[in-house]
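In what follows, a single structure is set out as structure tokens and then discussed.
The values are calculated or read from the model by the stated rules, or taken from the named source; none is laboratory data. Computed from a prediction, not measured in an experiment: that's the story for all the values here. Here the Cβ positions follow ideal geometry from the backbone for every residue, glycine too, while neighbour counts run over all protein chains shown.
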Amino acid sequence: MKVTGRKDLEKLKDKGTASLFPDRVRIMVGMATCCIVKGADKVMSAIAEEVKRQGVKASVVPVGCTGLCYKEPTVEVVQPGKPKITYGDITPDKVPQLIEAIAKGMVKKEWALYQTEREEQLLQGGYHAYARGTPKELKGIPKHSDVPFFRKQRRVILRNSGCINPEKIEEYIARGGYSSLLKTVTQMKPKEVIDEVTKAGLRGRSGGGFPAGIKWLSCSKAEGDGKYVICNVSEGDPGIGMHKSLLESDPHSILEGLIIAAYAIGAKEGYIYISSGYKLGVQRMEKAVKDARACGFLGRNILHSGFDFSVKVKEGGGAYVCGEETALIKSIEGDWGEPRQRPPFPAVSGLWGKPTVINNVETLANVPVIMTKGAKWFSSIGSQKSKGTKVFSLIGEVNRVGLVEVPLGITLKEIIYDIGGGIPRGKTFKAVQMGGPSGGCIPKRLSNLPVDYETLAQAGSAMSSGGLIVMDEKTCMVDVVNYFLTFLEGESCGKCTPCRVGVRRMREVLTDISRGKGKKEDLELLEKMAGLIKEGAICNLGKTAPNPFLSTLKYFKDEYLAHIQKKKCPAGVCTS
């Protein structure tokens, strides 16, 4: 259906609402990559078979990631007029009992994680409308907002993840989707859009958090007969998957944000650059682009506004360095993914020498919400200088691993203990690695630090894409740094000597230390090399490569000295 205005959008919204809340049972299975790894595909097949066998009138729907990685596979059930019930740790052998209970209109309370009222699902970013009273069969099942994992979260970016079928555009529209685009292109001038993003205080959700509004304004003013916008989905950090999960769970929120960005800067063409290996993400984004084009949200004369814009999905080679803007541009142009010296910055001279705005998945997913709810609402969330929320991949030695979204300014301790449930097996929290392989390690004594861009930078770490790896007392910090430097060595594009040779040499010295072959002067040598690399590397990926070493030397120097002087690994990891 081609959408030309508000009435058409409302028709699709009604269709999506009927799909989300049908007059029959709706069974939703988390089917993002993280869910499938835990066996969700087998659970979904078993549910489809069992529904047919038992003659239950139900829709079996794939959805995205709910964030509950520690409870996957998850299954959510909506019965007409009843709260949604979320079940965890569902395996194929449990499916017959679950479907039998659903057929009788009952709940398997022993597997239920929480209940969510029907009205809540229609609220973007909030869970606070509960019906009065609790039916007898639901007593004892906690409400969504009472579950410790969710209590301190604020789901703005992940507002639709796990709630909608990511391959049905009408379900996205039912949750308010594309209303921001309609408002933007029919009621606002491009400069007004940029002003709103600037007033909101939206900062890039990767790297150093550069203000999105300033980047957009610079590009809009740049001279050139053609401009581009690019969504960066090149997420190469080991063990991290926030962007992949959002791509698989809610592709239209990213696409809508990209289209609005294009309107703001005057771009006619855009790219969604996705790392190799994101097969499901590529599939769902390509479907989103196709459906958006069919509805008139892409192409010529979008929503009868006179605005033209087209998008291409570009699958990259998977190199970590292509997360850097200029290397990503080179890859799209068909060249080897290598960074170049800046300035000029991409906003002035980017793709094929044209002014280009590059934002990552998370940054763009915020844009539709800002345009709907306003800059004032968005800037009311977060800290003084870091507005809004941040998605983190909470992994490592923590009880409740998962995808979490928290207001900026929350403390590390709250994320690790209140949301993550603390350290398993009675172990002691030791440190947290933030900012990916080139981030820094923050020790336990700084766990009350607020999570914002400036504070983390002062502590020797970074927000970056949002990896948060928790480590316990059995972690050797020398071994951790050696691991990350090994990764960075392998991912160096090799263009500049400080990164190509310097990182390798740092890794070799650290390997000697971990094997009991370290010398007293090695720490001084490593510090000197770190300084030369930070000063001489071409791009920020090289410049930040020494961060894991520098932060651990600052907070865990005693471990290095134990390896060098005592020939002993305090954690018992470096056995040689």
Hey, does region 10-19 have a residue that's modelled with pLDDT under 95, of a type in the set (Val, Ile, Thr) and over 27 Å from Leu394 (Cβ atoms)? yes
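Could you please let me know if Leu541 is of a type in the set (A, V, I, L, M, F, W, C), in a helix (DSSP H, G or I), surrounded by fewer than 20 Cβ atoms within 10 Å (Cβ to Cβ) and not assigned by TED's automatic domain parsing to the domain that holds Gln458? Spell out the reasoning first.
Working: of a type in the set (A, V, I, L, M, F, W, C): yes; in a helix (DSSP H, G or I): yes; surrounded by fewer than 20 Cβ atoms within 10 Å (Cβ to Cβ): no; not assigned by TED's automatic domain parsing to the domain that holds Gln458: yes.
For Leu541, the condition - of a type in the set (A, V, I, L, M, F, W, C), in a helix (DSSP H, G or I), surrounded by fewer than 20 Cβ atoms within 10 Å (Cβ to Cβ) and not assigned by TED's automatic domain parsing to the domain that holds Gln458 - is not met.
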For region 255-276, which residues satisfy the criterion of being over 19 Å from Leu351 (Cβ atoms) and touching a strand residue (DSSP E or B) at 6+ places or on another chain (Cβ under 9 Å)? Ser276
Residue within region 556-565 that is at pLDDT 95 or above and acidic (Asp, Glu) present: yes
For region 432-475, what are the residues that are in a helix (DSSP H, G or I), in contact (Cβ under 8 Å) with a residue 12 or more places away in the chain and within 23 Å of the chain's Cα centre (by Cα)? Gly436, Pro437, Ser438, Tyr453, Glu454, Leu456, Ala457
So for region 476-493 (the condition being in contact (Cβ under 8 Å) with a residue 60 or more places away in the chain, in a loop (DSSP other than H, G, I, E, B) and over 23 Å from Ser206 (Cα atoms)), does at least one residue qualify? yes
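Each row is one residue, and each column tells you yes or no for (1) of a type in the set (Val, Ile, Thr); (2) touching a Cys at 6+ places or on another chain (Cβ under 6 Å).
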position	(1), (2)
Ile47	yes, no
Ala58	no, no
Gly64	no, no
Gly67	no, no
Glu72	no, yes
Val77	yes, no
Asp93	no, no
Leu98	no, no
Matching residues, region 52-95, being within 14 Å of Pro22 (Cα to Cα) and of a type in the set (Gly, Ala, Ser): Ala58, Ser59, Gly81
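Residue-wise test of (1) more than 24 Å from Phe345 (Cα to Cα); (2) within 16 Å of the chain's Cα centre (by Cα).
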| residue | (1), (2) |
| --- | --- |
| Val156 | yes, yes |
| Leu181 | yes, no |
| Asp195 | no, no |
| Gly201 | no, no |
| Ile214 | no, no |
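Out of region 211-246, which residues are assigned to a loop (DSSP other than H, G, I, E, B), at pLDDT below 85, at negative phi and of a type outside the set (Val, Ile, Thr)? Break it down stepwise before answering.
Narrowing region 211-246 to residues assigned to a loop (DSSP other than H, G, I, E, B): 222-227, 234-241.
Now narrow it down to the ones that are at pLDDT below 85: 224-225, 234-241.
Checking which are at negative phi leaves us with 225, 234-238, 240-241.
Answer for region 211-246, where residues must be assigned to a loop (DSSP other than H, G, I, E, B), at pLDDT below 85, at negative phi and of a type outside the set (Val, Ile, Thr): Asp225, Ser234, Glu235, Gly236, Asp237, Pro238, Gly241.
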Condition (residue is surrounded by 15 or more Cβ atoms within 10 Å (Cβ to Cβ), without any contact (Cβ under 8 Å) to a residue 12 or more places away in the chain and either outside any loop (DSSP other than H, G, I, E, B) or polar (S, T, N, Q) (or both)) applied to region 514-529: is it met by at least one residue? no
Taking region 482-497 as the search range and keeping residues that are on the phi < 0 side of the Ramachandran plot and among the small types (Gly, Ala, Ser), which one is surrounded by the most Cβ atoms within 10 Å (Cβ to Cβ)? Ser492
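Take Val25 and tell me if it is of a type outside the set (S, T, N, Q) and in contact with a strand residue (DSSP E or B) (Cβ under 6 Å, 6 or more places away or on another chain). Steps first, please.
Values: of a type outside the set (S, T, N, Q): yes; in contact with a strand residue (DSSP E or B) (Cβ under 6 Å, 6 or more places away or on another chain): yes.
Yes; evaluated as a whole, the condition is true for this residue.
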